[in-house]
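The values are calculated or read from the model by the stated rules, or taken from the named source; none is laboratory data. None of the values given here were measured: they were computed from a predicted structure. Glycine also receives a Cβ, built like all others from the backbone with ideal geometry; neighbour counts cover every protein chain displayed. Surface accessibility is based on the protein's heavy atoms, side chains included, excluding ligands, DNA and RNA. Shrake-Rupley method; radii C 1.70, N 1.55, O 1.52, S 1.80 Å.
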Amino acid sequence: MAQSPLVFISRRLPTSCLELLERAGCRLRVHDSEVAPSRHELLEGVAGCDAVITLVSDRVDEEFLDKAGERLRVVANYAVGYDNVDVGACSRRGVLVTNTPDVLTEATADQAFMLILAVARRALEGHRLVASGLWQGWHPLQLLGQDVSGATLGIVGMGRIGAAVARRAGAFGMKVLYHNRSRRPEAERQLDASFRPELPALLEESDIVSLHAPLTTETRHLIDAAALALMRRHAILVNTSRGPLVDEVALLEALREGQIWGAGLDVFEDEPRVTPGLAELDNVLLAPHLGSATERTRREMAGLCARAVIAVLAGELPPNVVDE
């Protein structure tokens with residue numbers, strides 16, 4: 001009698017995901033922790049598996065695939081991005097890669113707009129002041145922030161999440177600019193957005209810049225010292241995409257020197273490590289990668305992964321397969 005398929009899950013996920021896989025007859029090997037497995041634990045965990053569910057911190061490369069062996073048929077990545085997966089190496093071995101599109105769009109756009117508002121209106125500084133017991137009452141010059149309503153928002157990467165942020169900007173009467181690898185006429189019609197084919201033009205014109213680009217060789221350190229130097233002195237930078245899009249050392253210097261006004265970061269260059277000095281600044285708000293962190297969103301992401309695994313193991317092609 002053939003043995004039921006073995007699925008490795010690299011982190012503690014919603015129980016609904018595990019139940020779905022078990023009902024489909026899968027055996028589970030779970031790294032039951034909220035902390036990422038070490039490289040050794042990851043490689044030991046995937047050995048001999050038919051399917052794996054990975055997170056963006058899990059590097060899926062030739063070494064990983066060698067350790068998994070010939071039984072491996074699918075890598076279901078618990079994220080929209082898949083820069084942690086060598087899709088080409090998987091394809092050469094006949095291993096499908098899936099991701100979790102659509103379900104986290106609105107939650108991540110909410111997070112981006114929360115950071116925009118919180119940084120612009122100095123919410124963290126206000127909380128600290130009141131909580132300290134040192135607040136002496138209202139006065140006209142206290143913690144003056146930047147206007148969001150009517151400001152110019154520059155969106156870098158007009159995919160699903162970028163477009164969702166642009167929709168929110170409409171409610172604030174913001175002027176929306178966008179930079180993307182290709183022009184999006186539908187976004188221009190539906191969102192009243194203006195295309196900027198060159199990133200420098202967008203940076204120079206925007207009061208707020210929100211990053212929603214994928215991480216590639218070309219976009220790593222897209223926002224570096226030169227890019228920051230182009231931004232307005234009252235500008236705010238927000239990143240809910242991938243940490244390495246921003247050169248954190250350059251950002252630290254720009255914030256310290258008042259080259260830009262503030263920043264809101266939900267992702268970091270070397271998670272969970274944060275560049276020393278950033279946390280001490282009053283003009284930066286740091287969030288622990290919470291873009292998709294709502295109960296519904298995380299359940300739906302887990303469900304997408306589980307259904308993709310079940311489909312592939314049944315010889316079917318799931319709709320969320322990543323192309324090489």
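How would the stretch 167-304 be classified by its alpha-carbon gyration tensor: rounded, prolate or oblate, with rounded meaning a/c under 1.5 and the a/b versus b/c comparison settling the rest? Oblate, because a/c is 1.5 or more while a/b does not exceed b/c. Across all Cα pairs in the stretch 85-187, the calculated P(r) in 5 Å bins from zero up to the longest distance comes to 2, 10, 15, 15, 13, 12, 10, 8, 6, 4, 2, 1, 1, 0 percent per bin.
A Förster distance of 25 Å, applied to the separation of the beta-carbon atoms of residue 44 and residue 19, puts the FRET efficiency at 0.50.
Heavy-atom surface analysis with a 1.4 Å probe gives the stretch 104-180 a carbon and sulfur content of 57 percent of its accessible area.
Here the gap between residue 217 and residue 290, fully extended at 0.36 nm per residue and compared with their Cα-Cα distance, gives a gain of 23.8 nm. Using Cβ point charges alone (K and R +1, D and E -1), the dipole size of the stretch 6-155 about the Cα centre works out to roughly 160 debye.
Within the accessible surface of the stretch 29-78, defined with a 1.4 Å probe on protein heavy atoms only, the carbon and sulfur portion equals 47 percent.
Taking 7 Å steps out from each Cα toward its Cβ at residue 143 and residue 93 produces label points 5.1 nm apart.
Here the calculated FRET efficiency for residue 123 and residue 322, from their Cβ-Cβ distance with R0 = 30 Å, stands at 0.25, rounded to the nearest 0.05. With the cut-off at under 14 Å, measuring from each backbone N in the stretch 108-131 to a point 7 Å along the Cα-to-Cβ line of residue 282 picks out 121-131. Note on the chain: dipole from Cβ charges, positive end direction compared against 239, 287, 113; the farthest Cα belongs to 113.
Between residue 4 and residue 136, the contour length at 0.36 nm per residue exceeds the Cα-Cα span by 40.9 nm.
Each Lys and Arg Cβ is given +1 and each Asp and Glu Cβ -1; about its Cα centre, the stretch 219-324 then shows a dipole of about 320 debye. The protection proxy used here, the mean number of other Cβ atoms lying within 10 Å of each residue, ranks peptides 12-19, 303-310, 272-279 as follows, highest first: 303-310, 12-19, 272-279. Computed over the alpha-carbon atoms, the chain gives an Rg to Rh ratio of 1.02, Rh here being the Kirkwood radius from the mean inverse distance.
Under a model in which nothing but the beta-carbon of Lys, Arg (+1) and Asp, Glu (-1) is charged, the chain shows a dipole of about 700 debye around its Cα centre. The amide H of residue 284, built 1.01 Å from its N in the peptide plane, has 263 as neighbours under 5 Å, considering only residues 5 or more places off or on other chains. If the segment from residue 257 to residue 175 were pulled out straight at 0.36 nm per residue, it would be longer than the present Cα-Cα gap by 26.8 nm. Among beta bridges from DSSP that stay inside the chain, the antiparallel ones total about 5%.
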